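Q: Next up is a structure, given as structure tokens.
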Amino acid sequence: MSLRLGDTVPNFTANTTEGEIDFYEFLADGWGVLFSHPADYTPVCTTELGKTALLKHEFDKRNVKVIAVSVDGIDKHLSWRNDINETQNCSVEFPIIADEDRKVAGLYDMIHPNASETFTVRSLFIIGPDKKLKLSLTYPASTGRNFNEVLRVIDSLQLTAKYSVATPADWKPGEDVIVVPAVSTEDAQKRFTKGVTIVKPYLRYTPQPNID
Ligand code: BEZ
């Protein structure tokens with residue numbers, strides 16, 4: 001059964017390029033991104049892990065721990081990591097899980113047999129500090145993911161967890177946000193002191209509340 005938004009994600013222990021980990025202990029009280037890739041020594045995966053390494057400081061700023069997984073073994077991960085660092089001009093410092101027994105792949109439904117019987121697809125999960133699933137996405141092997149989009153979603157999730165707002169299509173940090181329908185306009189005008197723009201009674205914008 002696949003994981004659904006709001007579900008508590010399963011814990012596991014795993015062998016990784018950074019040693020044995022307990023997933024919940026690794027996440028501690030922060031956010032997490034767990035993402036699978038089909039196989040080591042493949043071109044798209046090389047660029048994805050490189051991009052994630054180059055964005056590591058952005059994930060750190062948001063208190064997000066990143067961890068990758070595929071069904072390859074630890075020695076292969078370690079030697080491939082050298083290639084990623086060399087070709088993508090980066091330093092991969094997040095763990096890569098060696099999921100040879102497909103334990104993690106099974107728990108997170110990362111093998112889609114009609115795509116491949118043996119390899120994990122490009123799954124990605126954003127996990128909140130409450131260990132609940134906040135986003136999942138699945139890309140095919142042929143399409144590399146957009147890790148700046150993952151950061152953008154995390155910005156939205158962290159903002160909307162704190163304030164009664166939602167973010168509109170294509171929102172970027174710093175742009176106006178939407179007042180959620182559960183808040184009356186009268187209440188919104190009291191809460192959002194930077195002002196509320198009423199386009200329709202159900203479509204109300206306010207400047208992003210947590211910036212000056
Ligand atoms: C890749 O990462 O380049 C890749 C992996 C599996 C199938 C196709 C592409």
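Q: Just checking, which of Asp109, Asp101, Asp170 is among the acidic types (Asp, Glu) and open to solvent by less than 70 Å² (accessible area, probe 1.4 Å)?
A: Working: Asp101 fails: open to solvent by less than 70 Å² (accessible area, probe 1.4 Å); Asp170 fails: open to solvent by less than 70 Å² (accessible area, probe 1.4 Å).
So the residue among Asp109, Asp101, Asp170 that is among the acidic types (Asp, Glu) and open to solvent by less than 70 Å² (accessible area, probe 1.4 Å) is Asp109.
Q: Residue pairs, Cβ under 6 Å, 6 or more apart or interchain, first in segment 40-55 and more than 19 Å from Ile74 (Cβ to Cβ) and outside the structural domain of Val69 (by TED's automatic domain parsing), second within 9 Å of the ligand (Cβ to nearest atom) and modelled with pLDDT of 95 or more. List them.
A: Partner pairs satisfying both residue conditions: none exist.
Q: Determine if segment 12-24 includes at least one residue that is in contact (Cβ under 8 Å) with a residue 24 or more places away in the chain, in contact with a strand residue (DSSP E or B) (Cβ under 7 Å, 6 or more places away or on another chain) and of a type in the set (Asp, Glu).
A: Checked segment 12-24: no residue is in contact (Cβ under 8 Å) with a residue 24 or more places away in the chain, in contact with a strand residue (DSSP E or B) (Cβ under 7 Å, 6 or more places away or on another chain) and of a type in the set (Asp, Glu).
Q: Looking only at segment 158-173, how many residues end up being more than 17 Å from Gly6 (Cα to Cα) and charged (D, E, K, R)?
A: Qualifying residue count, segment 158-173: 2.
Q: Could you say whether any residue in segment 15-33 is within 13 Å of the ligand (Cβ to nearest atom) and under 27 Å from Ser142 (Cα atoms)?
A: Filtering segment 15-33 down to residues within 13 Å of the ligand (Cβ to nearest atom) leaves none.
No - not one qualifying residue is present in segment 15-33.
Q: Additional query: Pick from segment 35-70 the residues that are polar (S, T, N, Q) and open to solvent by 10 Å² or more (accessible area, probe 1.4 Å): which of them is farthest from the ligand (Cβ to nearest atom)?
A: Asn63
Q: Within segment 195-212, track down each residue that is touching a residue at least 12 places away in the same chain (Cβ under 8 Å), over 15 Å from Thr160 (Cβ atoms) and open to solvent by 70 Å² or more (accessible area, probe 1.4 Å).
A: Thr197, Ile198, Pro201, Tyr202
The values are calculated or read from the model by the stated rules, or taken from the named source; none is laboratory data. What you see is a predicted model; the values in this text were computed from it and never measured. Glycine gets a Cβ as well: all are built from the backbone with ideal geometry, and neighbour counts include every protein chain shown. For the accessible areas, the whole protein counts, side chains as well, though only heavy atoms, and no ligand, DNA or RNA atoms are used. Shrake-Rupley method; radii C 1.70, N 1.55, O 1.52, S 1.80 Å.
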